[in-house]
Structures are given as structure tokens and as C-alpha cells.
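Worksheet: the structure to be examined is printed underneath.
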Amino acid sequence: MTSTAGFPHGVRIAGTGSAVPERVLTNADLASMMDTSDEWIRQRTGIAERRICTPGKESAYTLQRDSLERALEDAGMKGSDLDLIIVASVSSEMTCPSNACRIGAALGAAPAGAFDLVAACSGFVYAMNLADSLIRSGRHKAIGVVGCDAMSTIVDYNERSVSILFGDAAGAAIQVRDDNPDKGCIYQVIQSDGENWPSLFLPRKKEDIPPNSPEIDIELGKLRMEGRDVYRFAVSKFKEVIQDALNSTGLTADDIAQFICHQSNIRIIESAKEKLGLPDEKVYVNIDRYGNSSAGSVGLCFDQIRRAGKLEEGDTVVFVAFGGGLTWASSVWNL
Ligand code: UT7
């Protein structure tokens, strides 16, 4: 979908927030738990450490709530100012109620609408794009968007090719109606292709596992990933969606203040940067410190970039993410 033409309203990002658990899990910690090494993990992924929840103290719910609370504070708003909350996550504690409902109650947002959205690592960008469209339609005025995953609760720490990649984090943004229709999302894509879903999935019961799935001894309720297949998909999709966003808006990399990208693997990010000729200072990277936090990563990056003073009103940014489903999403925003 292109352009803001015909919409009477624009959308302003009024505030952002993020939350990560206190506990740092280093590569050395992982090497003491499984057959891996700091060198292998750094070389193959660019990750040095990640944050993981301490059970009983932190969870997907607390990270989601805290990130949204910080975004509201940043915006100078209260929960009761929101008319909708969207939480993108594959690791919310329950499917009913949604974590969005529980967070809404905790932050005094009732009777705001609330739902969780499942689009794996693409979730935050899916939710940001959806919220922009809802505000532009005139039906909503203020939406809290949260992207979060507590991956430590759904990875099997006996499975070294999956567990080393992931960490826990949440990022949130408050979108509000603005009189300037050129402000907000000027181009967006939310897409999927379910054909290759078995390359990344979370089986709840035996019947969820496709018959031709490789025999991996992973517990039910834990993530399964064919890393190489997802890697190949991600490398080509990452470049394709950025190129499409630029071509469709007539912008060049020079016009973009920041490319805010899913932190999947440093080699995937470097490959896109190299193929598209994007300068280092325009592609924020924090995977070395936080790992891949699935739906949390883009929101965490956005909040860190804003709080570091790297963005100004009037800047144009590009969001990009891809992941399980398989799903992918991008958007171009005038801040
Ligand atoms: O967020 C969106 C969803 N996910 C992604 O974007 C992830 C995309 N995929 C990846 O990032 C990479 O595929 C991984 C980091 C997960 C794995 O890296 P890789 O370079 O694709 O490794 P591999 O799975 O092809 O394994 C290569 C070798 C194997 O040994 P052999 O068969 O060559 O002897 C593995 O057994 O490395 C071995 N290996 C490890 N060795 C030490 C796999 N995991 C580890 C490990 N430590 N943690």
C-alpha cells in the first residue's frame, strides 16, 4: 500500500519505551551449558550476550507492560488516553486472555480495545503498520503498540543451533492522530508465505509436527528452526523489501535517517548493507548485546535510537522485519 493520499489524518509517534530483563546470558555461560563456544557464536551470529528473564521476576507480560508504561511516560500520556493496545508476540503467557488485555488493565487503559498479534519476528512492524492504518481511517486516535518476546521461555537450551541465537526484550511505541496527513507511515507492506512454515515453528502437540520434519529431539512447546533455510530466506527478503520500499516511495538511502531492522543475525544485516550500499551509521545494530529477540528487536532498536538522539522530527525512517510464518513487513515513516 502506498502513499497517504486521501487520508485526512496523519500519525505522530508520541513516545517510545523498551524493557529488557536484568540477567545477562553470555556466550561463555552458554558454553558451560552445551557444546558451543564464544568464538563460534560470535562468528556465526555476531552475538556476545543476550538478556533472559528470571522466572518469577520477569516474563513476556512484565516486559510488555513495562515497555508500554515507559512509552506512555515518554509521550506524557496515561493508559486511559489509549483507545487500542496491540501486543505482537509469540510468547505471551496465555492465548486467552491476551496479554494486551492484562497490560491494558494494569495501566488503566480500559475500555481500550486490546489484542495480541502473532507474526513472529515481523510482529512489531505488522502492528505499527496496522495501527497507522487504523488511525488514518479515523476510527482510532491513540494506539499503544508493543513488540515483545521472551524467547528464553520457548527455546530448548539443549538445542545449540537454536538457543544461542535468541534473547528476551520488548519495545513499544505510542501512535497518535496528527493534523498533518503527510506525517506517519507513507508506505507499508505486510506479507507472508505459509508454504515453508515448518522452517520455524512452535509445536504444542505431536500432531503439529509435519511428517517429513527432521528427527530432532526437541520438547513440545519449544521452538524448532531450520536455521539454514530461514537464513537463505532472510538474506534475500531483507534486501528485497528495503529495495521495494525505496523504489515505491522514490526515495534513496540518502533520504533515510535510519534503517531500523530486525536483529536476526549480524551476517544477514551485513549482507543487506553491502548489497544495498547502506552506510554503517544508518543501520543500527544491537544484536551483539541483546541477541535476536524476535518481535522485541525492532521496537527495542527504535527506542534506543530515539533516546540516543539519533532521530529528529521530520526525519524519514524505514522499518524492516521478517520471520516465522514465514512473514515479512516493512514501512517508511515520516516522523
Ligand atoms: O529471526 C528470524 C528467524 N531466525 C533467523 O533469522 C535465523 C537464521 N539462521 C541463522 O542465523 C543461522 O542459520 C544459525 C546462526 C542459526 C546457525 O548458523 P549456521 O551457520 O547456519 O550453522 P549450521 O546450522 O549450518 O551449522 C553448521 C555447523 C554444524 O556442524 P557440521 O554439521 O557442519 O559438522 C552444526 O552442528 O555448526 C554446528 N553448530 C554449532 N557448533 C557450535 C550448530 N550450532 C552450533 C553451536 N556451536 N551453537
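The values are calculated or read from the model by the stated rules, or taken from the named source; none is laboratory data. Model, not experiment: these values are computed from the prediction. As a convention, Cβ positions derive from the backbone with ideal geometry for all residues, glycine included, and neighbour counts pool all protein chains shown.
If you filter segment 97-132 down to residues that are over 21 Å from residue 59 (Cα atoms), of a type outside the set (Asp, Glu) and touching a strand residue (DSSP E or B) at 6+ places or on another chain (Cβ under 8 Å), you find that the one that is surrounded by the most Cβ atoms within 10 Å (Cβ to Cβ) is 125.
If you take the residues of segment 4-39 that are acidic (Asp, Glu) and either in contact (Cβ under 8 Å) with a residue 40 or more places away in the chain or within 16 Å of the ligand (Cβ to nearest atom) (or both), which of them is farthest from residue 75 (Cα to Cα)? Applying the filter and picking the extreme gives 35.
The listed residues are 24, 20, 87, and the only one of them that is surrounded by fewer than 20 Cβ atoms within 10 Å (Cβ to Cβ), under 22 Å from residue 295 (Cα atoms), of a type outside the set (Phe, Trp, Tyr) and touching a strand residue (DSSP E or B) at 6+ places or on another chain (Cβ under 7 Å) turns out to be 24.
Can you say whether residue 135 is within 26 Å of residue 10 (Cα to Cα), modelled with pLDDT of 95 or more, more than 16 Å from the ligand (Cβ to nearest atom) and in contact with a helix residue (DSSP H, G or I) (Cβ under 6 Å, 6 or more places away or on another chain), as far as the supplied structure shows?
Criteria not met by residue 135.
The residues listed here are 146, 155, 176; of these, the one that is in a loop (DSSP other than H, G, I, E, B) and at pLDDT 95 or above is 155.
Conditions (1) under 20 Å from residue 153 (Cα atoms); (2) in contact (Cβ under 8 Å) with a residue 12 or more places away in the chain, marked per residue:
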{"residue": "206", "(1), (2)": "yes, yes"}
{"residue": "261", "(1), (2)": "no, yes"}
{"residue": "266", "(1), (2)": "no, yes"}
{"residue": "271", "(1), (2)": "no, yes"}
{"residue": "281", "(1), (2)": "no, no"}
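Taking the criterion of being part of a helix (DSSP H, G or I), surrounded by 21 or more Cβ atoms within 10 Å (Cβ to Cβ) and within 16 Å of the ligand (Cβ to nearest atom), the residues of segment 245-272 that qualify are 268, 269, 272. Quick check on segment 221-242. Is at least one of its residues more than 14 Å from the ligand (Cβ to nearest atom), among the polar types (S, T, N, Q) and surrounded by 13 or more Cβ atoms within 10 Å (Cβ to Cβ)? The answer is no; no qualifying residue exists.
Residue 54 - would you say it is within 16 Å of the ligand (Cβ to nearest atom), more than 20 Å from residue 335 (Cβ to Cβ), among the hydroxyl-bearing types (Ser, Thr, Tyr) and part of a loop (DSSP other than H, G, I, E, B)? Show your work before the answer.
On the way: within 16 Å of the ligand (Cβ to nearest atom): no; more than 20 Å from residue 335 (Cβ to Cβ): yes; among the hydroxyl-bearing types (Ser, Thr, Tyr): yes; part of a loop (DSSP other than H, G, I, E, B): yes.
So residue 54 fails the test.
Annotation note: of 198, 210, the sole residue that is under 20 Å from residue 162 (Cβ atoms) and more than 21 Å from the chain's Cα centre (by Cα) is 210. Here residue 150 fulfils each of the conditions (1) within 26 Å of residue 112 (Cα to Cα); (2) away from the ligand (no atom under 16 Å from the Cβ) apart from (2).
Only one of 143, 174 is β-branched (Val, Ile, Thr), more than 30 Å from residue 55 (Cβ to Cβ), buried (at least 19 other Cβ atoms within 10 Å of the Cβ) and more than 15 Å from the ligand (Cβ to nearest atom). Can you tell me which? Going through 143, 174 in turn, just one is β-branched (Val, Ile, Thr), more than 30 Å from residue 55 (Cβ to Cβ), buried (at least 19 other Cβ atoms within 10 Å of the Cβ) and more than 15 Å from the ligand (Cβ to nearest atom): 143.
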